[in-house]
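Data block below; observations after.
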Amino acid sequence: MKIESNRLDVDVSASERPIVFPLGIPGFEQVREFQLFHQDEKDIVGYLQAIGEEGLTFSVLSPESLNIFYEFTLTDEEQALLQLDQVEDLVLLVIAYRNSLGSVQEGEGELGVNANFMAPLLINAQARIGFQKVLGKAERKITIKAD
């Protein structure tokens, strides 16, 4: 299967099964299948490319790479959705994004990289099933300022 992205200078030939998000990702509920890849093995940031939607690519990273760790409980429904038998199969990722210059000029923050730490992506690496878990009602992002 060949996966193409018009946002990255790379064609991904996926040898692994896609990751299925049965509920989609909030805001993109109609898109259910994604492929996870890195442009370079050493990169902290990976990409979650929608299959069949060349223009939909999320930048993702492991929160642990930033020394951020989670502790929460999955509901029975979430555990069933993920088909999770062993916690060791669970992978957590956060979606990262960069503020555009236009939003900064409109007073919406500073240039830099932001990540949605209050709604991590949970993926069962064995079953290749995922969903986005929204945590609480606190502020939904943490800003990491670029040098």
Taking only pairs six or more apart or across chains, which ones have beta-carbon atoms under 6 Å, a first residue in the range 42-66 that is farther than 12 Å from LEU93 by Cβ, and a second residue that is exposed (fewer than 15 other Cβ atoms within 10 Å of the Cβ) and acidic (Asp, Glu)?
GLU54/GLU4
Those residues that are among the polar types (S, T, N, Q), open to solvent by less than 70 Å² (accessible area, probe 1.4 Å) and touching a Gly at 6+ places or on another chain (Cβ under 8 Å), I need them from the range 16-66; list them, please.
SER59
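The values are calculated or read from the model by the stated rules, or taken from the named source; none is laboratory data. Treat the numbers as computed from the prediction; the structure is a model and nothing was measured. We place every Cβ from the backbone using ideal geometry, glycine too, and count neighbours over all the protein chains shown. In case anyone asks, the SASA skips ligands and DNA or RNA and just uses the protein heavy atoms, side chains included. Shrake-Rupley method; radii C 1.70, N 1.55, O 1.52, S 1.80 Å.
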